[in-house]
Amino acid sequence: MRRLIVLAVVTTSLACAPAVPGPVASDHRAVFDGTGGRWIDLTHAFSESTIYWPTDTAGFQLEELAFGPTEGGWFYASYQFASAEHGGTHLDAPIHFAEGRWTNDQIPLSALMGPAVVVDVTSRVTPDYLVSVGDLTAWEAAHGDIPRGAVVLVRTGWSSRWGDRTAYLGTDLVGEPAVAELHFPGISEDAAAWLVANRDVVAVGIDTPSIDRGQSADFRAHVTLYRENIVGFENLADLSALPATGSFVMGLPMKIEDGSGGPLRAVAFVPADAG
Ligand SMILES: [Zn+2]
């Protein structure tokens with residue numbers, strides 16, 4: 001009987017509690033309801049046509065396990081998928097090219113997000129273009145120093161070719177013979193080394209298949225950045241909605257224990273007053 005009375009008192013006091021909006025909810029509302037800015041999806045969807053490195057001929061595989069009405073009367077859909085870590089929009093964990101550096105699951109969240117620095121080279125890009133130190137210093141001359149903790153996003157415009165594998169990779173070959181024929185822009189070793197020596201960025205992303213250009217045979221941008229535990233995002237989708245500075249980007253991968261990379265959902269928030 002005593003228990004019942006206590007319950008009644010609690011219920012009454014809850015019912016009488018004034019409905020005060022919480023400060024956390026109101027602070028965050030503008031981020032999520034569209035009034036404070038826009039969320040931009042920087043991710044290509046995974047499908048049969050997702051572009052993988054030419055030596056990966058399996059690609060993305062989605063197998064239907066169930067789709068339709070059940071005997072119980074409800075609808076039910078379920079699939080299983082298979083994929084290499086490094087295909088489509090994906091993460092490069094530093095261990096991908098640097099022994100002893102972070103695996104996918106070891107990367108702290110703080111290294112997967114940060115203020116976006118968008119280096120736009122679309123006006124001068126060629127299929128073998130290398131982003132130079134000059135491209136980075138020109139960006140800084142216009143926008144100030146690359147901030148600490150930044151995510152540097154290289155915009156080449158290559159994402160507009162995504163639906164056309166041959167145009168995107170620079171070759172219609174598949175398998176090992178394709179590798180020497182790849183043509184798409186990337187980041188020079190010098191630019192990677194300049195970032196490491198002079199700035200404190202957490203991640204580098206690009207809208208091409210690789211942070212090293214297609215014609216690279218030694219992957220120096222990968223090695224130079226990843227041995228410093230700088231993270232890579234590759235095959236990013238259209239970056240044109242992002243201002244040069246002022247947006248916030250995050251790339252959250254499928255968390256694979258001991259993985260060297262993984263499928264990535266990359267998004268950016270562009271505040272209403274940015275750019
Ligand atoms: Zn990769």
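Within the range 128-168, can you find the residues that are assigned to a loop (DSSP other than H, G, I, E, B), surrounded by 17 or more Cβ atoms within 10 Å (Cβ to Cβ) and not small (Gly, Ala, Ser)? Once the filter is applied, which keeps residues that are assigned to a loop (DSSP other than H, G, I, E, B), surrounded by 17 or more Cβ atoms within 10 Å (Cβ to Cβ) and not small (Gly, Ala, Ser), the range 128-168 yields 129, 146, 156, 162. The residues on offer are 124, 199, 148, 155, and the sole one that is among the basic types (Lys, Arg), over 23 Å from the mean Cα position of the chain (by Cα) and more than 20 Å from residue 87 (Cβ to Cβ) is 124. Name the residues in the range 231-275 that are more than 16 Å from the ligand (Cβ to nearest atom), crowded, with 19+ Cβ neighbours inside 10 Å and assigned to a loop (DSSP other than H, G, I, E, B), would you? The answer is 239, 242, 247. Here are some residues: 218, 258, 238. Which one is of a type in the set (Asp, Glu), farther than 29 Å from residue 100 by Cβ and touching a helix residue (DSSP H, G or I) at 6+ places or on another chain (Cβ under 9 Å)? Answer to the check: 238.
If you filter the range 202-225 down to residues that are among the aliphatic types (A, V, I, L, M) and more than 17 Å from the chain's Cα centre (by Cα), you find that the one that is surrounded by the fewest Cβ atoms within 10 Å (Cβ to Cβ) is 217.
Do we find a residue being β-branched (Val, Ile, Thr), modelled with pLDDT of 95 or more and within 16 Å of the ligand (Cβ to nearest atom) anywhere in the range 216-225?
Yes.
Taking the range 42-93 as the range and being farther than 26 Å from residue 175 by Cβ and in a loop (DSSP other than H, G, I, E, B) as the test, the residues that pass are 42, 43, 70, 71, 72, 73, 74.
Look at the range 77-96: where a residue is away from the ligand (no atom under 11 Å from the Cβ) and a partner is among the small types (Gly, Ala, Ser), sitting 6+ places away or on another chain with Cβ atoms under 6 Å, you get 78/66; 95/260. Against the list (1) in a loop (DSSP other than H, G, I, E, B); (2) touching a helix residue (DSSP H, G or I) at 6+ places or on another chain (Cβ under 9 Å); (3) surrounded by 19 or more Cβ atoms within 10 Å (Cβ to Cβ), the condition residue 228 fails is (3). State the number of residues belonging to the range 169-200 that are closer than 19 Å to residue 130 by Cβ, of a type outside the set (S, T, N, Q), in contact (Cβ under 8 Å) with a residue 60 or more places away in the chain and assigned to a loop (DSSP other than H, G, I, E, B). So the count comes out to 2.
The values are calculated or read from the model by the stated rules, or taken from the named source; none is laboratory data. If you're wondering where the values come from, they're calculated on a predicted model, not measured in any experiment. Please note: Cβ atoms are built from the backbone with ideal geometry, for glycine as well, and neighbour counts cover all protein chains shown.
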